[in-house]
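Enquirer: Got a structure for you, written out below as structure tokens; questions coming shortly.
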Amino acid sequence: MIDFEKIPSPAYILEEDLLRKNLSLIRSVKERAGVDIILAFKAFALWKAFPIIKEYIQYSTASSPWEAQLAWEEMGSKAHTYSPAYIEKDFPVIKACSSHITFNSLSQFHRFYPETFDNHSISCGLRINPEYSEVETDLYNPAAPGSRLGMVREELGDHLPEGVEGLHFHTLCESSSYALENTLQRVEAKFGDLLPKVKWLNMGGGHLMTRKDYDVEHLIRLLQNFKKKYPNLEIILEPGAAFVWQTGVLLASVVDIVHNKGIQTAILDISFTCHTPDCLEMPYKPVIRGAYQEPVPGKPTYRLGGNSCLSGDFIGDWSFDQELKTGDRLVFEDMIHYTIVKTTMFNGIPHPCLCLWKKDDSLEIYRNFTYEDYKTRMS
Ligand SMILES: Cc1ncc(COP(=O)(O)O)c(C=O)c1O
């Protein structure tokens, strides 16, 4: 159990025990289903924790030159890379740090594929768009009409160009194995004739196999059956959030309480727009340890405000058993995926430190941020 008194506020705190629990489950799915499962850096790239990850999972997926470089430097393996568009000056790094390169369009494939000829260990693929997704929020729906991500069948045409060894689709987000099953049916309906002609199929991310209600046995059966049908295919899954789902928290403190026409706001030493942007973008209301998720009549109730000048930098409302006061600490649950990778230093707000709560109940502070970090980003 984390001893919050030992930790400076604000802080993101990754819990080693919980991380290992997720990693064990992911490794067992990989082994039992006979597929590759790799870590998507876009959700989690806290590389000081990679030594723990590597004990279970050795490969990762990158979506940019810097993520690919991080894979090579800190995972010690080459990345499966996909980017909506590669840029000439970045391609040498992509090439040097990738084992698989997926292209989003035929024009990108034809432009860059010849550049891979001098490196025979790179396998090239194309991203396809099955035009089916059960994701309801458009911001996270790569199969929404008009999407720029992946080729619809008419764009791809009847034949795969020479040199294409794999296909990639990504249409899930925090999804179940049943959503994957429905998606695979659509993939087969639209692209089934091409599956026997390639060596690998990357099923993207969004497989939330570490969520309590996820039907892991169904996923394993589904993947095993798919493999039987297409024995030529190496199957790759690249979830991000599932690796670090519910493996840590964001610790924040109350700095002031303000009132305006019956609404009381506790202003915190974090900012939602800077430190938990998905709460505003998705949007969703995070769970606070020990608080009532919905207002309870008769109990002290607060909107929580970020410490930036953005008017919309607040979320509401939670109730508490006691009045909040300056110095009180709040623990936001499940704040490790899509947080640290997305933070900004907007308004020059001090960045939460990055910590690991180790399995022997000691604290390792990976990083404390300073004014210099803010200043050097703009120099
Ligand atoms: C191409 C691709 N792969 C993998 C992922 C990881 O998805 P998740 O973190 O939901 O598992 C994403 C997320 O956006 C993605 O765009």
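Enquirer: Looking only at the stretch 144-182, filter to residues that are in contact with a Phe, Trp or Tyr (Cβ under 6 Å, 6 or more places away or on another chain) and among the small types (Gly, Ala, Ser); which one of those is least open to solvent (accessible area, probe 1.4 Å)?
Expert: Among those that are in contact with a Phe, Trp or Tyr (Cβ under 6 Å, 6 or more places away or on another chain) and among the small types (Gly, Ala, Ser), it is GLY166.
Enquirer: Taking the criterion of being more than 30 Å from PHE369 (Cα to Cα) and among the acidic types (Asp, Glu), would at least one residue in the stretch 293-311 satisfy it?
Expert: Yes, that holds for at least one residue.
Enquirer: Quick check: is even one residue across the stretch 237-250 open to solvent by less than 10 Å² (accessible area, probe 1.4 Å), among the polar types (S, T, N, Q), closer than 29 Å to SER175 by Cα and within 15 Å of the ligand (Cβ to nearest atom)?
Expert: yes
Enquirer: Would you say THR81 is surrounded by 12 or more Cβ atoms within 10 Å (Cβ to Cβ) and at pLDDT below 95?
Expert: Considered against the rule, which asks whether it is surrounded by 12 or more Cβ atoms within 10 Å (Cβ to Cβ) and at pLDDT below 95, THR81 comes out as no.
Enquirer: Does any residue of the stretch 55-71 turn out to be more than 14 Å from the ligand (Cβ to nearest atom), more than 17 Å from ASP36 (Cα to Cα), surrounded by 14 or more Cβ atoms within 10 Å (Cβ to Cβ) and acidic (Asp, Glu)?
Expert: So far as the stretch 55-71 goes, no, none of its residues is more than 14 Å from the ligand (Cβ to nearest atom), more than 17 Å from ASP36 (Cα to Cα), surrounded by 14 or more Cβ atoms within 10 Å (Cβ to Cβ) and acidic (Asp, Glu).
Enquirer: Counting just the residues of the stretch 202-225 that are open to solvent by 10 Å² or more (accessible area, probe 1.4 Å) and of a type in the set (A, V, I, L, M, F, W, C), which one comes out nearest to the ligand (Cβ to nearest atom)?
Expert: Applying the filter and picking the extreme gives VAL216.
Enquirer: Any idea which of (1) open to solvent by 10 Å² or more (accessible area, probe 1.4 Å); (2) more than 16 Å from the ligand (Cβ to nearest atom) is the one ILE7 doesn't satisfy?
Expert: (1)
Enquirer: Would you kindly identify the strands (runs of 3 or more DSSP E) lying entirely within the stretch 10-112 that contain at least 3 residues that are closer than 23 Å to LEU149 by Cβ and either touching a His at 6+ places or on another chain (Cβ under 7 Å) or among the β-branched types (Val, Ile, Thr) (or both)?
Expert: By residue number, 79-82, 98-103.
For (1) charged (D, E, K, R); (2) loosely packed, with under 13 Cβ neighbours inside 10 Å; (3) more than 16 Å from the ligand (Cβ to nearest atom), each residue gets a yes or a no:
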position	(1), (2), (3)
ARG329	yes, no, yes
PHE346	no, no, yes
LEU356	no, no, yes
ILE365	no, no, yes
ASN368	no, no, yes
LYS375	yes, yes, yes
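The values are calculated or read from the model by the stated rules, or taken from the named source; none is laboratory data. What you are looking at is a predicted structure, and each value in this text was computed from that prediction instead of being measured. All Cβ positions, even for glycine, are placed from backbone atoms using ideal geometry, and neighbour counts span all protein chains on display. Ligands, DNA and RNA are excluded from the accessible area calculation, which covers all protein heavy atoms including side chains. Shrake-Rupley method; radii C 1.70, N 1.55, O 1.52, S 1.80 Å.
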